[in-house]
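What follows is one structure encoded as structure tokens, with my remarks underneath.
The values are calculated or read from the model by the stated rules, or taken from the named source; none is laboratory data. Since this is a predicted model, take the numbers as computed values, not measurements. Positions of Cβ are generated from backbone atoms using ideal geometry, with glycine treated the same way; all protein chains shown enter the neighbour counts. SASA here: full protein model, heavy atoms, side chains in, ligands and nucleic acids out. Shrake-Rupley method; radii C 1.70, N 1.55, O 1.52, S 1.80 Å.
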Amino acid sequence: MKGQLQRIGISYAWEREIATCLPEYYRWNQWLFLKMLERDLAYRKRSNVNWCPSCNTVLANEQVVDGACWRCGTAVTTRELEQWVLRITHYADELLESAADLPGWPDKVLTMQRNWIGRSEGARVRFPLAEGSTGFDEVPPGSAIEVFTTRIDTIYGATFVLLAPEHPLVQVWSEAPGAEDFRRNMQRFQAQDRSGRMTGEIEKEGFDTGRTATNPFTNAPVPVWVANFVLGEYGTGAVMGVPAHDQRDFEFATKYHLPIVRVVSAAAADGKADDEMSEAWDGPGVLVASGEFTGLPAGDAMARMSEAAEARGIGERTVQYRLKDWGISRQRYWGTPIPVVYCDKCGMVPVPSDSLPVLLPKIAEFSGRGDSPLAQIPEFVNTTCPDCEGPARRETDTMDTFVDSSWYFFRFCDPKNAELPFEPDTVGYWGPVDFYSGGVEHAILHLIYSRFFARVFRDLGMTTISEPFTRLLTQGMVLKDGQVMSKSKGNVVDPDDMIQQFGADALRLYVMFVAPPEKEIEWTDAGLEGSWRFLSRVWRLVDQLSETIGGEGIPGPDGLDLNDAERAMRRKTHDTIRRVTADLDPRVHLNTAVSGLMELVNELYAFCGRTECLRIGQHPDASPVGTLERAGTIAVLKESVEALVRMISPFTPHMAEELWEMLGHKEGITAAGWPEFSDAVAKSEEIVVPVQINGKVRARITVAADTAEDRLRELALADAQVAKHLEGKTVKKVVVAAGRLVSIVVS
RNA sequence: GCCGGGGUGGCGGAACUGGCAGACGCUCGGGACUUAAAAUCCCGUGCCCGCGAGGGCGUCCGGGUUCGAUUCCCGGCCCCGGCACCA
């Protein structure tokens with residue numbers, strides 16, 4: 001791969017190369033992990049996790065795509081495991097809010113991140129379990145079901161409570177004597193999870209727990225049900241059922257004949273009578289049947305009711321995120337060993353920083369059993385406790401490889417540092433990354449993890465950088481036969497073949513030219529030859545003109561008396577520099593930059609043809625057929641060709657270097673730098689102004705660019721073509737805008 | 001369902017701030033050069049009518065604003081991407 005990158009001619013600072021699988025790098029993953037452990041940003045948690053049965057490993061939520069493993073595409077299942085988790089939610093608010101301060105990022109990515117973080121403002125409210133209700137004995141006195149809601153204003157309409165199948169109370173009740181049916185239903189719902197839920201609609205189902213809770217606002221008893229559509233991992237795993245104002249609850253209540261009580265009147269809003277309900281009303285309205293809050297608009301009620309709940313100690317306002325902490329434990333061999341040991345006496349003990357790195361052993365058995373390959377290497381597992389020096393076992397899971405990529409850009413600034421992940425001053429000098437490009441598929445993976453890690457380093461005092469990437473360009477993927485290229489699909493193309501035939505420069509130029517970089521492209525090399533032709537045209541042009549325009553002592557065109565053709569050529573050159581400069585830098589429209597250069601070359605060929613003393617490229621060995629005598633022509637050609645060569649140098653550096661030398665320059669082209677343009681020249685001289693008559697372009701007049709408006713009006717009316725169209729008609733209006741636009745309205 | 005981005009020739013795609021729609025490249029056709037071919041150079045290539053000069057239509061559809069709309073506004077259709085029973 002490295003050889004291929006070099007053959008394609010990618011500019012890369014190889015002296016800063018790092019490999020994240022080497023201890024010189026991953027020891028800093030371990031270092032950072034220990035720092036996060038100290039700050040309670042890393043913790044251990046037993047929970048249901050995404051499990052890929054093919055890779056035999058855990059996956060983070062971000063790594064599950066449409067219910068399948070991001071890496072191999074196998075359907076993901078659920079497992080309960082104890083895992084190391086990084087507390088990304090600590091930064092949820094900051095990650096969300098500062099998304100507004102990333103003007104250099106595409107909206108698409110920012111939106112995806114916002115949705116992924118998923119902030120919801122609402123309230124947690126406790127529904128006490130009704131004393132004396134069935135099953136009350138299994139829970140401590142005073143127990144309550146806490147629900148999360150964004151619509152506390154509808155709480156008077158809460159006629160039942162729904163629990164997720166994974167809710168702890170459901171677990172408790174399923175173990176009660178005689179709860180066989182209960183347990184069976186619960187297990188069935190839990191099994192439904194993932195695949196069923198992801199691949200399509202699953203039927204809303206539930207069962208009555210037989211328990212009763214109390215609506216803390218109405219004080220009415222409400223039944224407690226388990227429902228398969230309530231998510232265990234979001235909010236509190238329990239919701240209040242308000243069938244009148246939530247479509248899901250409405251369907252559920254209809255199916256199981258639970259009471260529907262309307263508490264927000266839509267009458268004012270939708271003009272319908274309140275009793276005609278065929279679906280839930282989640283729109284605006286005024287509260288009805290809501291005790292002391294009746295008559296309030298729903299918005300106001302929300303604030304008042306939250307305050308009331310807080311005052312009475314039955315709930316509080318809260319912010320809920322969809323984002324969850326990042327589980328990083330992986331049961332893979334390739335990954336950073338997690339630097340902790342487990343001691344029978346001392347429990348979990350972090351490996352001291354000064355004994356890092358914990359080396360990944362060289363040999364591993366790949367058992368395919370679903371535990372970490374490291375667990376089978378006794379020399380690795382068995383160690384001594386850093387605290388008591390007694391026998392201890394090492395953690396055998398490794399870190400998600402996304403840990404490696406979450407801060408490597410800082411390491412590039414200081415790749416050889418043996419004392420620290422990087423010297424803060426060095427990253428202070430280089431960072432943040434000015435321009436970052438990658439696939440959009442990283443929008444909620446790498447790009448959110450990196451923003452998280454940058455903040456961790458910042459809070460450790462290592463940097464002052466919050467946002468690691470100032471400008472982000474999400475480049476499109478290159479597809480073949482409508483799919484991402486991959487060896488297993490057999491739809492790859494080999495750049496080496498194309499380099500063999502047309503050269504790396506033509507290939508690179510073509511890739512840049514074929515579409516804007518953000519766009520996904522379907523690969524075809526049909527146009528590759530065209531890029532090669534363009535480079536050949538540039539070569540021939542310079543080759544054949546070098547004798548005439550190369551060398552010292554040729555003055556620039558400033559101050560020379562230029563004829564029309566020379567002025568036009570010069571204008572084109574300056575205008576091209578202006579365009580290409582802008583295309584490369586703020587816009588990164590590489591395709592139009594290349595087309596601008598092609599236009600300039602076309603124009604140069606035409607100009608040479610018009611001077612009738614040069615026959616560029618008619619034969620490979622053609623040379624000037626006459627002697628160029630006009631100083632203006634020579635000067636303009638020199639200026640234009642040199643500008644061209646300087647502008648193609650980013651695209652084809654070696655050829656540009658040679659051409660530059662052919663033009664008689666001793667110093668390299670790098671020293672010559674980027675050509676400058678004169679705005680006055682680029683926009684000077686004559687312009688063609690379309691003349692519209694009743695909205696149709698009927699004529700064009702050629703005028704000096706700085707023609708005054710009233711003069712332009714005069715010229716337009718005086719034009720013969722225009723006069724023809726005005727015959728026998730009355731001119732009602734002549735419009736001149738921006739000093740150059742003419743439109744004539746006639747009756 | 002929600003959010004984001006789109007819809008322009010045979011194809012990839014241009015069009016900057018509302019001002020010649022289709023730059024540039026590919027494809028295809030023609031010419032020059034050549035004994036011939038390749039290469040190269042030049043010309044043409046949105047659709048329709050016309051021998052021609054020329055004329056008409058044309059940027060998903062329907063309206064609107066404007067002297068003028070691919071561009072701005074309203075409504076609709078379609079496509080792509082992301083999220084999705086998130087309470």
> Out of the DSSP beta bridges found with both residues in chain A, what percent are antiparallel (nearest 5)?
Replying inline: 85
>> So, taking all protein chains as they sit and a 1.4 Å probe, how much accessible area belongs to A:Arg119, in Å² rounded to tens?
In response: 90
>> Can you tell me how region A:1-123 classifies by the Cα gyration tensor, rounded, prolate or oblate, using a/c under 1.5 as the rounded cut?
In response: rounded
>> If each residue of separation counts as 0.36 nm, what is the full-extension length gain between A:Glu658 and A:Met277 once their alpha-carbon separation is subtracted?
In response: 129.2 nm
> Over region A:523-596, how many percent of alpha carbon pairs lie in each 5 Å bin up to the one with the longest distance?
Replying inline: 3, 12, 12, 18, 22, 16, 10, 4, 2, 1
>> I need the GluC sites (Glu not before Pro) found in region A:357-459, filtered to DSSP loop residues with at most 14 other beta carbons within 10 Å of theirs.
In response: A:Glu365, A:Glu389, A:Glu419
>> Quick check on region A:154-266: take the gyration tensor over C-alpha atoms, sort the square-rooted eigenvalues as a ≥ b ≥ c, and tell me if it's rounded (a/c under 1.5), prolate or oblate.
In response: oblate
> What GluC sites (Glu not before Pro) in region A:627-686 are in a loop by DSSP, with at most 14 other Cβ atoms within 10 Å of the Cβ?
Replying inline: A:Glu629, A:Glu667, A:Glu676
> Which whole-Hz ³J(HN,Hα) couplings does region A:159-175 yield from phi under the Karplus relation 6.51 cos²θ - 1.76 cosθ + 1.60, θ = phi - 60°, glycine and proline marked x?
Replying inline: 9, 7, 10, 10, 10, 6, x, 8, 4, x, 5, 5, 4, 4, 5, 5, 9
> With the other protein chains left in place, how much accessible area per residue, in square angstrom, belongs to chain A at a 1.4 angstrom probe?
Replying inline: 49
> Per residue, how much space in cubic angstrom lies within the convex hull of the C-alpha atoms of chain A?
Replying inline: 263
> Which of rounded, prolate, oblate describes region A:349-504, given a ≥ b ≥ c as roots of the alpha-carbon gyration tensor eigenvalues and a/c under 1.5 marking rounded, otherwise prolate only if a/b is larger than b/c?
Replying inline: oblate
> For chain A, what % of the accessible area comes from carbon and sulfur atoms, probe 1.4 Å?
Replying inline: 50
>> Can you give me the solvent accessible area of A:Ile521 with a 1.4 Å probe, rounded to the nearest 10 Å²?
In response: 30
> For chain A, with only Lys/Arg (+1) and Asp/Glu (-1) charged at the beta-carbon, what is the dipole magnitude about the Cα centre, in debye rounded to 20?
Replying inline: 1000
> Where does region A:431-567 land on Rg(C-alpha)/(2.2 N^0.38 Å)?
Replying inline: 1.64
>> As a test of reading the structure, rank A:His257, A:His245 by solvent-accessible area (1.4 Å probe, protein chains only), most first.
In response: A:His257, A:His245
> In square nanometres, what is the average projected area of the Cα convex hull of region A:206-357?
Replying inline: 16.0
> Exactly which chymotrypsin sites (Phe, Trp or Tyr not before Pro) in region A:281-383 are in a DSSP loop and have at most 16 other Cβ atoms within 10 Å?
Replying inline: A:Tyr333, A:Trp334, A:Phe366
>> Tell me the mean residue ellipticity at 222 nm calculated for chain A from its helices only (DSSP H runs of n ≥ 4, each -39500 (n - 2.57), averaged over every residue, nearest 500).
In response: -10500 deg cm²/dmol
> Once the Cα atoms of helix A:564-582 and of chain A are each reduced to a long axis, what angle between those two axes, in degrees from 0 to 90 to the nearest 10, is obtained?
Replying inline: 20
> Where does each of A:Asp583, A:Asp107 land when they are ordered by accessible area, with a 1.4 Å probe and the largest first?
Replying inline: A:Asp107, A:Asp583
>> Principal axis extents for region A:275-398, Cα atoms only, whole Å, descending order, please.
In response: 72, 36, 22
>> Using protein chains only and a probe of 1.4 angstrom, how many square angstrom of A:Leu287 are accessible, to the nearest 10?
In response: 0
